[in-house]
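Taking it in order: structure first as structure tokens, then the write-up.
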Amino acid sequence: MASSQDAWYLSLLGLAEHFRTSNPPMIKLCIQCLQAVFNFKPPPRVEARTHLQLGNILLTHTKNTDLAKTHLEQAWMLSQMINSFDDVKFEAASVLADLYEQQSQSALSKPILRKAIELSQHNVYWHCRLIFQLAQIHATEKDYQLASSLLGVGVDYAHISNAYYTRVLFLLSKGMLLIIDKKYQDVQSILTQANHLIETWTGGPTQKEYLKIFHLILQVCHSLAFGQTRGVKPYLKTLQTSLQTLLTIEDDLTNNEMFLWLPKDHLWLLGMIVMVMHSMQSGYMDKAQKFSDKAMAHLEKLKVSDNKSILSVFHINLLEHMIMCRLVMGNKTMAIQEISTCATICKDNPKLLDTHSTQLHALLGLYSMNMNCFEAAEAQFNIVLSTAQSRDLFTFGNLNLAIIFLRNKRESELNNILDRILPDNLPSISQSLRAAAYYVQGLQAFFEMRFNDAKRFLRETLKMANAEDMNRLTSCCLVLLGHVFLSLRNHRESMNMVSPAMQLASKIPDIHVQLWASAILKDLYQICGDPHREGEAYQQHVHFSQMLLKEHYQASKLPAHNLIHWTQGPVPPSITQPSSSSPSTSSAGTAGTAGTGGATPLG
């Protein structure tokens, strides 16, 4: 039977729990009851657990993080001296380390987690969880090597402990970090090992499907990093099937000791974003739009009940891809509105601004090119070059700057960056960027009337683009080749290039290439003495020109258009004044002239 002293604090604990679980919760009374426990000098176990409870309640229900931190520190200090007290000891370490991390005090969080990892080797769940937590901190600090090493320790520990599911999760997490760190040569062996473990899985079906989707997402991202849009199709097909299956099978991931990379709904959403990414890179803008609409609807549903920061990351990723699609399809109005939405999301979250500002400036650069605002485009891409931490983004910025210099006949500036965009010199492993570099070389040769060189470079682009189903690059290349042959008065060969370019551009749909191709077709039919088809091509050209001019006018009048002048500092406050000096013609409005190839930015 409990002593009178025991009865006092047990009654207080029970009363505190009653107040906490009341509807609505009576948090102030709950905290007062818990604080009263200390007046009875409870045993160390009760004292430590009460400090932990107070710390958690203060963090969850109040803004008094300093007092919460004091209680958590007490819980951690007391529990270390108590044997067989894992639940309090390691939860206190984990929550306290997380609080330090939120306060940007990782120098305090890391020693706690290292000590807790050392003490938890007998407890499989907590040992693995704490390793994941410490690896996450190192990854956030971009110390990917140490984070990967920790995850490797987790792989071995889970294997020895027969924690099969957690072993695969550690493996896939390590593979993900290697992709982020661009250590591509080590990724495939890890993905192959993980795939073997998943295929021979004998556990629950939801666990298997969950791990399978995580693996497929990484496999697709790894392949797309190489520009392998065709080779990734089998993985995408399996991913699509698995995503459908995940939402229908019974959930066996509810065990409190089951680690999740992402909740099931978030995992499904990320899978859809990967579909959007592939469709956009392949040049299927309509398909990207379809997947994006599904993903955006799902995202909005999740935001109603779950406003975690990861959803903002997903939102921005979706918008970034859709903005590029809008620009290809000629929808400049929606593009700049969506860029403004991205800027607003980043403005509200400094961490997101830090990780996505370079992409935001790249999108503003692409939009400015589409609007013929070349000075603004140049300024935006120069920011991309000065801030890009990704080799691909750096290359992307240089390629678009080269097009700007070509369009404006700025040979000296172009010569200054030529070494950076030579296909053999590219720091990127991406085949799509290498193909784009050949295209820019072909464009330069065309502008300089070195038509044989232009054909040689563009055939390289065509070969690489066809090999990986890069449809937009293929259509751009075909229409430029058609323009080259037209300049050489080889009308039949020009027609052989421009006709399929027009068909492919219509499928994408790419309004700029359609505009350019219709101008060349009009000239070709005039030369061939076919007035009927010449008239059809002319009408098409007028139709596309009017569409782009209308979009250009509407976009230039939007307050968000002034974002093209944002080059430094925080995201500007809400813009209410329309731009006072916007060009009056669209970037593709002169698509029938000799230099028009440069009107197509490499979005």
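Taking R0 as 45 Å, what FRET efficiency do you get between A36 and E300 from their Cβ-Cβ distance, rounded to the nearest 0.05? List each step's numbers first, then the result.
Working: r = 45 Å, r/R0 = 1.01.
After rounding, the FRET efficiency stands at 0.50.
If you line up the Cα atoms of region 480-563 on their principal axes, what length do they span on each, largest first, in Å?
47, 24, 23 Å, listed from the longest principal axis down.
Report, to the nearest 10°, how far helix 511-528 tilts away from the longest principal axis of the Cα atoms in the chain, using its own Cα long axis and a range of 0 to 90°.
Long axis of 511-528 versus the principal axis of the chain: about 20 degrees.
Counting heavy atoms of the protein chains only and a 1.4 Å probe, report the per residue accessible area for the chain as a whole number of Å². Numbers along the way, then the final one.
On the way: 27020 Å² over 603 residues.
Averaged over the residues of the chain, the accessible area is 45 Å².
My understanding is that a pair violates if its Cα-Cα distance is over 23 Å; which of K63/K142; K182/K351; K41/K89; K182/K294 do that in this structure?
K63/K142; K182/K294
Summing +1 for each Lys or Arg and -1 for each Asp or Glu, what net charge is found among the other residues whose Cβ lies under 14 Å from the Cβ of T567? Numbers along the way, then the final one.
On the way: positive: none; negative: E375, E378.
That sum, taken over residues with Cβ under 14 Å, equals -2.
Heads up, I need the accessible area for R450: 1.4 angstrom probe, whole protein in place, Å², nearest 10.
Here the accessible area works out near 80 Å².
Which distance in Å, rounded to a whole number, links the C-alpha centroids of region 407-421 and region 130-200?
Measuring centre to centre over Cα atoms gives 43 Å.
When Lys and Arg each count +1 and Asp and Glu each count -1, what net charge do the other residues less than 9 Å away from F485, Cβ to Cβ, add up to? Kindly include the intermediate steps, with their values, before the conclusion.
Numbers: positive: K455, R489, R492; negative: E493.
With Lys, Arg at +1 and Asp, Glu at -1, the net is +2.
Just the accessible area for H565, please: 1.4 Å probe, Å², rounded to the nearest 10?
Surface open to solvent at H565 totals about 110 Å².
How large is the helix-only mean residue ellipticity at 222 nm for the chain, computed as the sum of -39500 (n - 2.57) over DSSP H runs with n ≥ 4, divided by its residue count, in deg cm²/dmol to the nearest 500?
One gets -25000 deg cm²/dmol as the mean residue ellipticity at 222 nm.
On the accessible surface of the chain, probed at 1.4 Å, how many percent belong to carbon and sulfur atoms?
Roughly 52 percent of what the probe reaches on the chain is carbon or sulfur.
Excluding G397 itself, what net charge comes from residues whose Cβ is under 13 Å from its Cβ, given Lys and Arg +1 and Asp and Glu -1?
Once positives and negatives cancel, what remains is 0.
Return the Rg/Rh value of the chain, two decimal places, where both radii are evaluated on C-alpha atoms and Rh is the Kirkwood radius.
1.07
With charges set only on the Cβ (+1 for Lys and Arg, -1 for Asp and Glu), what does the dipole of the chain come to about its Cα centre, in debye to the nearest 20?
Computed charge dipole of the chain: roughly 600 debye.
For region 1-157, what is one quarter of the convex hull surface built on the Cα atoms, given in nm²?
10.4
Given R₀ = 56 Å, FRET efficiency for I82-K183 by Cβ-Cβ distance, to 0.05?
0.85
Mind computing the radius of gyration and Dmax over the alpha-carbon atoms of region 128-189? Å is fine for both.
Considering region 128-189 through its Cα atoms, Rg and Dmax are 10.9, 31 Å.
Given Q546, G204, L414, which one lies farthest toward the positive end of the charge dipole of the chain, if we put +1 on the Cβ of every Lys and Arg and -1 on the Cβ of every Asp and Glu?
Q546
Would region 283-338 count as rounded, prolate or oblate if I go by the C-alpha gyration tensor, calling it rounded below 1.5 in a/c and otherwise prolate when a/b exceeds b/c, oblate otherwise?
Verdict is prolate for region 283-338.
Quick one: angle between helix 391-407 and the longest Cα principal axis of the chain, in degrees between 0 and 90, rounded to 10, please.
Tilt relative to the chain: about 30 degrees.
Going by a ≥ b ≥ c, the root eigenvalues of the Cα gyration tensor, does region 195-306 fall in the rounded group (a/c under 1.5), the prolate group (a/b larger than b/c) or the oblate group?
Numbers: a/c = 2.31, a/b = 1.27, b/c = 1.82.
Oblate, because a/c is 1.5 or more while a/b does not exceed b/c.
What is the helix-to-structure angle for 144-160, meaning the angle in degrees between its Cα long axis and the longest Cα principal axis of the chain, kept from 0 to 90 and rounded to the nearest 10?
Its long axis makes an angle of about 60 degrees.
Compute the whole-percent fraction of alpha carbon pairs in region 405-470 spaced more than 13 Å apart.
Result: 63 percent of Cα pairs exceed 13 Å.
The values are calculated or read from the model by the stated rules, or taken from the named source; none is laboratory data. Remember, predicted model here, so these are calculated numbers, not experimental data. Counting neighbours? That spans all protein chains shown, and the Cβs are built from the backbone with ideal geometry, glycine included. Please note that ligands, DNA and RNA were not included when accessible areas were found on the heavy atoms of the full protein model with its side chains. Shrake-Rupley method; radii C 1.70, N 1.55, O 1.52, S 1.80 Å.
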